[in-house]
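Remarks on the structure that follows.
The values are calculated or read from the model by the stated rules, or taken from the named source; none is laboratory data. These numbers come from a predicted model, not from an experiment. Here the Cβ is made from the backbone with ideal geometry for all residues, glycine too, and neighbour counts use every protein chain on show. Each accessible area value is taken on the protein alone, full model and side chains, heavy atoms only, with ligands, DNA and RNA left out. Shrake-Rupley method; radii C 1.70, N 1.55, O 1.52, S 1.80 Å.
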Amino acid sequence: MAEKTNGLLRPLPVPDSGYLPEDLPEVLKYKGKTSASFTRMMINTASSLSGFRHSETPLIFFDPVCGKGTGCFCAAEAGMNAVGLDLDKKDIREASDYFSRYLKLHKLKHEQHDRSETVSRHSLPLTEFIFADTKEHFRSGDTRFLRFSCGDTMESPVLFRKGKAHIIAADLPYGVQHAPQSGSRPDSLQHFLSRVLPVWKSVLAPGGVIALSFNTLTLPSADVREALTHAGFKLPDNDIFLGLKHDVEQAVVRDLIFAFNSEEESVI
């Protein structure tokens, strides 16, 4: 939060109102990690634009290419339920192990369950954490869940058989060190989007919002907007969403696009 003074932004103090400690998405360090502050901004903006912005029950957040879980940890910190899916077994295992250690270190009451969801010819392994911010809330059943699963993002619907996500936020592969896969072969970013967006839309509740960040040097913004529209998402009309492009490093110029899974107009 900031206020504009003489053309500059002056940071404003924000009270600590997180469900879990704010260091949750910060402690786990790894190469290529997206800034937790940037990820929080994606989630907060998507939530504010969604039809669920006044919901009194916890929203369900989904990161369909979650890596080591920064997005899920930001969502859990904010008091949301979270689901993360990624093809990399090592990343999912590291994210699950980290969250387990974190809950124990902070003496947060929780349960951990390892199970699997059945897909056509195989099982999708899943680690589920049930937790609460206080012992009293845990005992009363006022809990949250965080689920990590290892599998192809095309299998996302398997994780939402009993309900849909309210918010999807994904930091797409930048095409510099990491590229998407189609089976065992590398996939183009454009083809990857055309494959996955209809699947992601199918698990997003009507009134929900998807937020995508990406590298414009390998995936032009116009291509992302076209793919979202083709998949049936609605883009906001406000011009403010056309000015979010920014430099990250020499090989990465990042843009951010929000889109609605409904005909509802942007609240701004």
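Taking the condition of being farther than 16 Å from Phe160 by Cβ, of a type in the set (Val, Ile, Thr) and open to solvent by 40 Å² or more (accessible area, probe 1.4 Å), how many residues in segment 106-129 meet it?
Final tally of qualifying residues: 0.
In segment 130-149, what residues are open to solvent by 20 Å² or more (accessible area, probe 1.4 Å) and either aromatic (Phe, Trp, Tyr) or more than 16 Å from Ala76 (Cβ to Cβ) (or both)?
Hits for segment 130-149 are Lys135, Glu136, Phe138, Arg139, Ser140, Gly141, Phe145.
Among the residues in segment 157-169, are any open to solvent by 70 Å² or more (accessible area, probe 1.4 Å), at pLDDT 95 or above and part of a loop (DSSP other than H, G, I, E, B)? So that I can check it myself, show each step before the final result.
Looking only at segment 157-169, we keep the residues that are open to solvent by 70 Å² or more (accessible area, probe 1.4 Å), and these are 161-162, 164.
From what's left, at pLDDT 95 or above: 164.
When the remaining residues are screened for being part of a loop (DSSP other than H, G, I, E, B), the result is 164.
Within segment 157-169, one or more residues are open to solvent by 70 Å² or more (accessible area, probe 1.4 Å), at pLDDT 95 or above and part of a loop (DSSP other than H, G, I, E, B).
Yes/no per residue for (1) surrounded by fewer than 14 Cβ atoms within 10 Å (Cβ to Cβ); (2) under 17 Å from Ala170 (Cβ atoms):
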| position | (1), (2) |
| --- | --- |
| Arg53 | no, no |
| Thr57 | yes, no |
| Asp63 | no, yes |
| Asp86 | no, yes |
| Glu94 | no, no |
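Based on this model, can you work out whether Thr229 counts as open to solvent by less than 30 Å² (accessible area, probe 1.4 Å), polar (S, T, N, Q) and modelled with pLDDT of 95 or more?
No, not satisfied.
Do we have Ala78 as touching a residue at least 40 places away in the same chain (Cβ under 8 Å), out of contact with any Pro (no Cβ under 7 Å at 6 or more places or on another chain), small (Gly, Ala, Ser) and open to solvent by 60 Å² or more (accessible area, probe 1.4 Å) here? I'd like the intermediate steps shown before the answer.
Details: touching a residue at least 40 places away in the same chain (Cβ under 8 Å): yes; out of contact with any Pro (no Cβ under 7 Å at 6 or more places or on another chain): yes; small (Gly, Ala, Ser): yes; open to solvent by 60 Å² or more (accessible area, probe 1.4 Å): yes.
Yes; evaluated as a whole, the condition is true for this residue.
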